[in-house]
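Down below is the structure, laid out as structure tokens.
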Amino acid sequence: MTTRVPVAGADPSRSAPGPAGDEQEARRPVTRTVSGVCHGTLGELYQGPLAAGPAPDIALVSFPVDRHSWVHFTPDPAAPDGPVALGAKATAAAGLFLDRFGLVLPRGRWSAHSDLRVGVGMASSTADIVATLRCLFRLFALPYDLEAVLAVLARIERADSVFLDEFALHLSARHRVVRRLGTGLGFHTAYITEPGTVDTAAVTEPLLAHYRRRGAAYERCLDALLKGFSSGDPGAVARAATASAALSQEVLPKGSFDAVLAHRERFGADGVFVAHTGCLIGYLFAHRPGPDLKSDLSAFFHSLGHQCSFAQGGYG
């Protein structure tokens with residue numbers, strides 16, 4: 001007995017064809033482009049242990065941003081064989097997806113685009129993987145399967161929670177969502193990217209040692225953050241994010257951190273955020289900065305040697 005895999009573009013309301021219809025359907029070329037999209041992050045509002053203890057896990061509350069990765073696939077029987085136009089991790093994710101569902105990719109053309117810089121804390125590689133998987137779910141007309149996405153990610157890398165379209169407390173190495181935090185909060189941001197990149201794997205052991213030393217402080221920070229989300233209080237969340245950023249500064253320092261923190265009140269920012277294992281640092285605003293404030297922020301960051309960017313983070 002064989003199972004027919006729905007073909008992208010097929011009308012699911014049609015009655016199943018007979019044997020002749022099956023043969024005709026199989027010969028019909030599918031030319032509609034399908035796409036998958038995934039947002040990235042501006043680092044994290046929290047990164048630290050889930051609870052104080054001798055064997056901490058790395059827990060994250062990623063900070064979603066309105067910047068994205070896109071992956072496109074156009075079935076084309078005439079497409080030439082050649083290298084896949086995806087990164088190594090996204091290519092591996094596609095192979096794992098096909099193996100998991102027992103599918104064969106039709107001949108066609110891949111393409112990709114991303115707003116997310118690599119290696120600075122924007123979850124670029126995880127977003128590329130999730131965008132690829134979402135493209136494949138659509139190509140084969142399969143419902144989005146979070147369990148399958150997590151299984152694929154677990155085979156490839158420690159991940160941010162960009163596979164969810166909401167805030168979440170997430171264990172990045174275990175690929176386990178501890179608590180969903182909803183979509184009720186959002187922030188406007190002004191941020192910079194300091195030079196360089198960070199190898200996340202290389203800093204894992206120093207981070208875990210730091211978590212063991214500062215476990216109680218992290219526990220207070222996470223408790224305040226979760227209470228802020230529960231009450232829908234952006235100020236409380238921003239203050240907890242600032243505390244998490246300050247704890248991160250003790251182990252993976254940002255060159256601009258002291259100046260940014262010292263001028264927070266001057267700009268009326270609600271808090272400071274960082275990419276804890278990246279190169280991003282910036283301000284959180286519960287309300288959109290006006291043109292004059294944007295100009296002042298840009299001049300300030302320029303005086304530090306950096307170009308300022310603005311983006312909306314979160315969902316509220």
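Structure values in brief
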read-out: Per residue, in Å², the accessible surface of segment 125-224 once ligands and nucleic acids are set aside, probe 1.4 Å; value: 42
read-out: For segment 74-172, convex hull volume per residue from C-alpha positions, Å³; value: 110
read-out: Protein accessible area in segment 202-287, 1.4 Å probe - carbon and sulfur %; value: 51
read-out: Estimated vicinal HN-Hα couplings, Hz - segment 303-311 in sequence order (Karplus 6.51, -1.76, 1.60; Gly, Pro = x); value: 5, 8, x, 9, 8, 7, 10, 10, 7
read-out: Segment 29-107, dipole about Cα centre (Lys/Arg Cβ +1, Asp/Glu Cβ -1), debye to the nearest 20; value: 180
read-out: Extension reserve of the residue 107-residue 209 stretch, reckoned as 0.36 nm per residue once the Cα distance is removed; value: 31.9 nm
read-out: Contour minus Cα-Cα distance for residue 202 and residue 296 (0.36 nm per residue); value: 30.2 nm
read-out: Inter-site label distance for residue 315 and residue 118 at 7 Å from Cα along Cβ, in nm; value: 3.1
read-out: Gain on full stretching of the segment that runs from residue 79 to residue 219 - 0.36 nm per residue minus C-alpha separation; value: 45.0 nm
read-out: Acute angle (nearest 10 degrees) that the helix 124-139 long axis makes with the longest principal axis of the chain, alpha-carbon atoms; value: 30
read-out: Separation between Cα centres of segment 159-228 and segment 133-154, rounded to whole Å; value: 24
read-out: Estimated [θ] at 222 nm from DSSP helical runs (n ≥ 4, -39500 (n - 2.57)) normalised by residues in the chain, nearest 500; value: -11000 deg cm²/dmol
read-out: Angle in degrees between helix 215-231 and the longest Cα principal axis of the chain, rounded to the nearest 10; value: 70
read-out: Cα gyration tensor, segment 156-267 - rounded (a/c under 1.5), prolate or oblate; value: rounded
read-out: Charge dipole (debye, nearest 20) of the chain; +1 at Cβ of Lys and Arg, -1 at Cβ of Asp and Glu; value: 260
read-out: Solvent-accessible heavy-atom area per residue, rounded to whole Å², over segment 36-116 at 1.4 Å; value: 43
read-out: Dipole-positive endmost among 196, 259, 154 within segment 115-262 (Cβ charges, Cα centre); value: 154
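The values are calculated or read from the model by the stated rules, or taken from the named source; none is laboratory data. Because the structure is predicted, anything quoted here is derived from the model rather than measured. Because the Cβ atoms are built from the backbone with ideal geometry, glycine has one as well, and the counts that use them run over all protein chains shown. The accessibility values were calculated without ligands, DNA or RNA, using every heavy atom of the protein model including side chains. Shrake-Rupley method; radii C 1.70, N 1.55, O 1.52, S 1.80 Å.
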